[in-house]
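The block underneath contains the structure these notes are about, expressed in C-alpha cells.
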Ligand SMILES: [Cu+2]
C-alpha cells in the first residue's frame, strides 16, 4: 500500500542514496525479566567500616526496575559488517572505587582506550581483573594513589574484583565496534546508526548470561526489539 508515510520514507531513502550516505537505522527496545523481581540482598561490610560502611551495600547482580525492566544489560550486534571500531569516548572512562564499590557497576569501554582507575576512598584497594582475551592485572592501589591507568586492548567481558574488599564486584565490557548499548534503570536501550540489514542481536547480563535474537534494521527510522529473560 502506498500511504503518504511509506512514500515519505521512500523519498528519504532515495535522497540518502543519491547523497551517497550509508542507510542506517536505530535499534530501540527494552529488556525485561519475566520472573518476580528479586529483592537485592544486603551485603555485610566486614572491613574498613569508617569508609566502606558509610553507604548501604546491596547485591547489584540482578536489578529489576519499573515494569520488569532489567538494568545493566549489555546489548550489541554480534555480526556487524562494516568493520568500524568504537570511537574513543569523549570523556575518558573511569572505574571509580567509591565507598568500596566499583562505580559504575557495569560499563562499556572502547577497545584500546586508556581508562582511569580512580581511588576516591583514601584507603587501600587492590583491583584484580578476570578477562577472557586480555592480559589480567592485579594491582594494589594504596590510599595516596588517586589514579592508575588501565587498558583493555581486545573485545572482552571482564569481571573486576578487589582483593581487599571481597564484596566489591564490577564489569567492564570492552567493545570492538560501535553498536553497543547498556540498559538504563528501566531496562531501555538504544543502538544508533546501524547500517541497514539483518543481524543477530545479542544481549548479556552478568547473572542470566547471553541470549540472541535475529533483527532487521531499516534504512531509516528504527526497529523495536523487545527482549526478555525467563525467570531464574
Ligand atoms: Cu577495595
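The values are calculated or read from the model by the stated rules, or taken from the named source; none is laboratory data. Just so we're clear, the structure is a prediction, and the values are computed from it rather than from any experiment. FYI the Cβ positions are ideal-geometry reconstructions off the backbone, even for glycines, and counts take in every protein chain you see.
Does residue 122 count as touching a residue at least 40 places away in the same chain (Cβ under 8 Å), within 16 Å of the ligand (Cβ to nearest atom) and surrounded by 18 or more Cβ atoms within 10 Å (Cβ to Cβ)? Considered against the rule, which asks whether it is touching a residue at least 40 places away in the same chain (Cβ under 8 Å), within 16 Å of the ligand (Cβ to nearest atom) and surrounded by 18 or more Cβ atoms within 10 Å (Cβ to Cβ), residue 122 comes out as no. The set of residues from the stretch 154-167 being part of a strand (DSSP E or B) and more than 15 Å from the ligand (Cβ to nearest atom) comprises 156, 157, 158.
Could you please give the count of residues in the stretch 98-153 that are assigned to a loop (DSSP other than H, G, I, E, B), within 23 Å of the chain's Cα centre (by Cα) and either modelled with pLDDT under 95 or farther than 15 Å from residue 51 by Cα (or both)? Of the residues in the stretch 98-153, 14 are assigned to a loop (DSSP other than H, G, I, E, B), within 23 Å of the chain's Cα centre (by Cα) and either modelled with pLDDT under 95 or farther than 15 Å from residue 51 by Cα (or both). For the stretch 42-53, a tally of residues being in a loop (DSSP other than H, G, I, E, B) and surrounded by fewer than 12 Cβ atoms within 10 Å (Cβ to Cβ) returns 2.
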